[in-house]
Amino acid sequence: MSEQDIIAPRSEKQKKFLDSTASITIFGGAMGSGKTYLGIMGFLPYIHIKTFRGLILRKTMPELRGINGILDVALDLFTRVDPPVRGKRKGVQWKSQESKFVFSSGAEISLRGFERERDEQKLQGLQASLILVDEAQFFSEQQILFLESRNRNARCPEVKPRMMLTANPLKTSFLRKWVDKWLDDEGYPDKEKECATYYASRKDGHMVFADTSKELEYVDEKTGDLVEPKSVTFIPANIYDNPVLMRSDPSYINKLHGMSPVDKAKYLYGNWDAEATGCGYWKREWCDIVDLPPLHTVKKVRAYDIAGTLVSDMNPDPDFTVGVLMSKDKFGTYYIEDVVKYRARFGEVFDRIVATAKEDGDETLIVIPQDAGAAGKAYAMTMIRDLSEQGFYAKAKPTNQSKITRFAPFCAASESGSIKIVKGEWNEDFIQELTDFDGNRKRKRHDDQVDSCGDAFMFLCSTIQIPTFSIPDMTTTNSFSF
């Protein structure tokens, strides 16, 4: 088999992937599409360039080195393209201690694990013209954005820096937002948009997408240079786009058809919104969305979860300060009226809480979280004192209970139909965070709105309302008195 036969694409989707010139190419969307093998093939056109440097990543090294893992597949493929020939050249070599392939030309491809964001320091010295992130749905957005900073190699001008991401659908992954422009309303790949090129740029530590490059271009204030966005292509593929597997293992498609409806939608047809029922504590269908808050409320609170960290290189995705405004009407129905969410330092946080309190009105109780320990108590008391001096009523809420315990009563009320959500721009982000919450701290997910929501509900439930009444007039003359 010639080298051209080895690197030849097997289907139209695979050809588009290998021919892609986008800065970031996302490939996959279903099982059996051959995405990992194809990702490795993407390196073959460049291994004859002496200064070429490539990088292949999975979450952990055992995933790379496992049986029939990337290492085995890459070693088989690279050996066929750059075989050892006695007396002429050494051929490709696998340097186990350095975890890299070295080719006859001098080109190198490194294999690395990147399990946690704090492992960035282990990759600081790497630079690569081409980066492959396999099973990218299990990485965080900040990990991918960090790898983007490693995507350069001035010593190899022949190769334009590029990243390849392979992934299966996962609704809770950051990639769900990245591929949104290529999906239809139900989460399936839109045939009219597949393989189209869009543009993306960083904003507040995340990627934002647009149809054209002009929409995201801006001039750097310090250098005066024009900063252009990245081009991004999503190529959705499934087993039908992998004729080699269809021929070698015809029964595999029957295995995919035999999966549960949710898994079948995800792994056979590439649906990014398919999600198993019962996987979280709260479901969006439990709460109706209404146009307006109630006219008359019994009680209203704005509960906060406070953070004081800004985005930085050391902490690219810090927590948010969140304030959930919730009210209760005379019929016992609860309304989530508004959510504010921002990142700011503690001094600015207080100013914004005051500004929000002025909009909410004097009748709204402000709930401040009180963390465990003397420092947490002192901060909460100081905040309450300063708010009272501004003319607002605030109380502290200890955070000594687990997140699940604080959130569970709100979930129960939602399931019973007692919670309604007032329509607003914040709805989708709020609903998505509550839906994604599963109590698993090992997963890097924000739960600031979850905490605020649970605290607001508990204050409305536990607060006793004193009925209003009139004192009778005791000054009337008694006709029977002497």
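Since every read-out is calculated from the coordinates, none of them should be taken as a lab result. Remember, it's a predicted structure, so these values are computed and weren't measured experimentally. Glycine also receives a Cβ, built like all others from the backbone with ideal geometry; neighbour counts cover every protein chain displayed.
Structure above, values below:
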| quantity | calculated |
| --- | --- |
| Rg over Rh, two decimals, region 298-346 (C-alpha only, Kirkwood Rh) | 1.20 |
| Student exercise, the chain dipole from Lys, Arg, Asp, Glu Cβ charges, in Debye to nearest 20 | 2160 debye |
| Region 259-367 shape via C-alpha gyration tensor axes, a/c threshold 1.5 | oblate |
| For region 66-130: Kirkwood Rh in Å [reciprocal of mean 1/r, alpha carbons] | 13.4 Å |
| Packing rank of 368-380, 225-237, where each peptide gets the mean count of other beta carbons within 10 Å, highest leading | 225-237, 368-380 |
| Estimated distance in nm for a label pair at residue 284 and residue 396, the labels positioned 7 Å out from Cα along Cα-to-Cβ | 3.8 nm |
| Relative packing of 247-259, 411-423, 135-147, which averages over residues the other C-beta atoms within 10 Å, highest first | 135-147, 411-423, 247-259 |
| Burial ranking of peptide ranges 398-406, 318-326, 156-164 (average Cβ count within 10 Å, highest at the top) | 318-326, 156-164, 398-406 |
| Charge context of residue 31, other residues only, Cβ under 13 angstrom, K/R +1, D/E -1 | 0 |
| Net length gained if the chain between residue 309 and residue 225 were fully extended (0.36 nm per residue, minus Cα distance) | 27.3 nm |
| D_trans [Stokes-Einstein, Kirkwood Rh over alpha-carbon pairs] for the chain, 4 °C, 1.567 mPa s, µm² s⁻¹ | 50 µm²/s |
| Relative contact order (percent, whole number), region 128-212, Cα cutoff 8 Å, 6+ residue spacing | 28 percent |
| Förster radius 60 Å - calculated FRET efficiency between residue 15 and residue 427 (Cβ-Cβ, nearest 0.05) | 0.90 |
| Whole-Å distance, taken between Cα centres, linking region 53-122 and region 402-455 | 43 Å |
| Farthest positive-ward along region 136-222 dipole, Cα basis, beta-carbon charges - from 149, 207, 197 | 149 |
| Spin-label zone in region 217-247 - amide nitrogen under 19 Å from a point set 7 Å from the Cα of residue 149 along the C-beta vector | 220-223, 227-230 |
